[in-house]
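Please treat every number below as a calculation from the coordinates, not as lab data. Quantities reported herein were computed from a predicted structural model and do not represent experimental measurements. FYI the Cβ positions are ideal-geometry reconstructions off the backbone, even for glycines, and counts take in every protein chain you see.
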Amino acid sequence: MEKKYSAVALGLFDGVHLGHRAVLKAASEQKQQGLMPCAFTFPSESAAKKGTGGFIYGDSEKADILTEECGIERIYSPPFADICGMEGAEFAEEILRGELNAAFVCCGNDFRFGKGASCGTAELRSFGERLGFRVETVEDVLCGGERVSSTLIRRLLAEGDTERANTLLGSPYTIMKTVSRGAQLGRTIGFPTANQLFDSGQLVPRYGVYASLTVIDGKSYLSMTDIGMKPTVDYGGAPLAETYIHGFSGDLYGSPLRVSLLRFIRPEMKFSSLDELKAQIDRDVQSALNIL
């Protein structure tokens, strides 16, 4: 059976923000020409190695967004170590033409490839002319006069500015993790929560409380999410998100959960007693419901 020709979007796509989505859209639109929309990317940990504060989304989260929101039908994400030593011509021949059978390739203006990032869009066009694939470069996306970038979005999330980050991402920043079992302290004070752990090397948004929206079995629930280290109870583990889901009761342990952060309410605080904590959670829940 003959291998189907593809339209390949090139990029790390950390966060899958508006700039990335413009590149991905250029590839997905080629489906009308009979090409399969593909994304060539690298594992999320490649973003963490750059010292930029960690990757925005893990691999499974990124894959969900690429396929569900951006129309990508195949994701090719080899280990960075397998590709970084390739010369530009080798990458074009073996990966773009060979592995992906590209007839169309698109990327941002600043895309670099080849050993030592020696090649750019001019070289990509030259390889395309020789190997038989068309190349399209996509202009930067500006928002409020500022270039949309993963670096900017990481800074906004670290500052707790989820509203602006969500605008630049193109959809709300969402924690897409399996629910893990916690100490079940929330149940004892009347606020059971779903706990989600961030990946090692992943950016963690500003510690504090957020108004959020949680999707369970296709239904959306108003919720409140606390991100941080639970200082009141000396938790001592890795940073996590604890979400109280308004109007829901049920066992979510071991289930995947989608929690979208909509607005920052307050920073993380340490309380002198559980009664004080409970009173503050009462206020936080009301704040979240008022916002939502």
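Which loop trypsin sites (Lys or Arg not before Pro) in the range 147-181, with loop taken from DSSP, have no more than 12 other Cβ atoms within 10 angstrom of their Cβ?
Those that pass, being in a loop and sparsely packed, are Arg181.
Using a 7 Å offset from Cα along Cα-Cβ at Val215, what residues in the range 1-26 end up with backbone N under 16 Å from the label point?
Zone members listed by number: 16.
For Phe191, Phe80, Phe40, what's the fewest-to-most ordering of other Cβ within 10 Å of each Cβ?
Lowest to highest Cβ neighbour count: Phe80, Phe191, Phe40.
Which order results if Phe248, Phe13 are arranged by neighbouring Cβ count within 10 Å, fewest first?
Listed from fewest to most nearby Cβ atoms, that is Phe248, Phe13.
Can you give me the angle between helix 274-291 and the longest principal axis of the chain, using Cα atoms only, in degrees from 0 to 90, rounded to the nearest 10?
50 degrees
For the range 1-91, rounded, prolate or oblate, judged on the Cα gyration tensor with a ≥ b ≥ c (square roots of eigenvalues), a/c < 1.5 rounded, else prolate if a/b > b/c?
It is oblate, given that a/c is not under 1.5 and a/b is not larger than b/c.
If R₀ is 41 angstrom, what is the calculated FRET efficiency for the pair Leu142 and Glu99, using the beta carbon separation as r and rounding to 0.05?
Once rounded, the FRET efficiency stands at 0.75.
Kindly identify the range 82-125 as rounded, prolate or oblate by the Cα gyration tensor criterion: order the square roots of the eigenvalues as a ≥ b ≥ c, call it rounded if a/c is under 1.5, otherwise compare a/b with b/c, prolate if a/b is larger, else oblate.
oblate
Expressed in nm to one decimal, what extension gain is obtained for the pair Lys3 and Ser255 from 0.36 nm per residue of sequence separation less their Cα-Cα distance?
87.1 nm
Answer rounded, prolate or oblate for the range 112-217, using the Cα gyration tensor with square roots of eigenvalues a ≥ b ≥ c: rounded when a/c is under 1.5, else prolate when a/b is larger than b/c, else oblate.
Judged from the Cα gyration tensor, the range 112-217 comes out prolate (a/c at least 1.5, a/b above b/c).
For the Cα atoms of the chain, what angle does the longest principal axis make with the long axis of helix 18-28, in degrees from 0 to 90, nearest 10?
Helix 18-28 sits roughly 50 degrees off the main axis of the chain.
Counting only DSSP beta bridges with both residues in the chain, tell me the antiparallel percent, nearest 5.
65 percent
Select from the range 1-91 those trypsin sites (Lys or Arg not before Pro) which occupy a DSSP coil region and have at most 15 other Cβ atoms within 10 Å, ordered by residue number.
Answer by residue number: Lys3, Lys4, Lys49, Lys50.
Taking a threshold of 28 Å on the Cα-Cα distance, which of the pairs Lys219/Lys270; Lys4/Lys25; Lys177/Lys219; Lys4/Lys177; Lys3/Lys25; Lys4/Lys219 fall above it?
Lys219/Lys270; Lys4/Lys177; Lys4/Lys219, as the Cα separations exceed 28 Å there.
Which trypsin sites (Lys or Arg not before Pro) does the range 235-292 hold that lie in a coil by DSSP with at most 14 other beta carbons within 10 Å?
Lys270
Compute the length gained on full extension between Lys278 and Glu87: take 0.36 nm times their separation in residues and subtract their Cα-Cα distance, giving the result in nm to one decimal.
That works out to 62.8 nm of additional length.
Going by C-beta contacts inside 10 Å, put Leu124, Leu35, Leu292 in order with the fewest on the left.
Leu292, Leu35, Leu124
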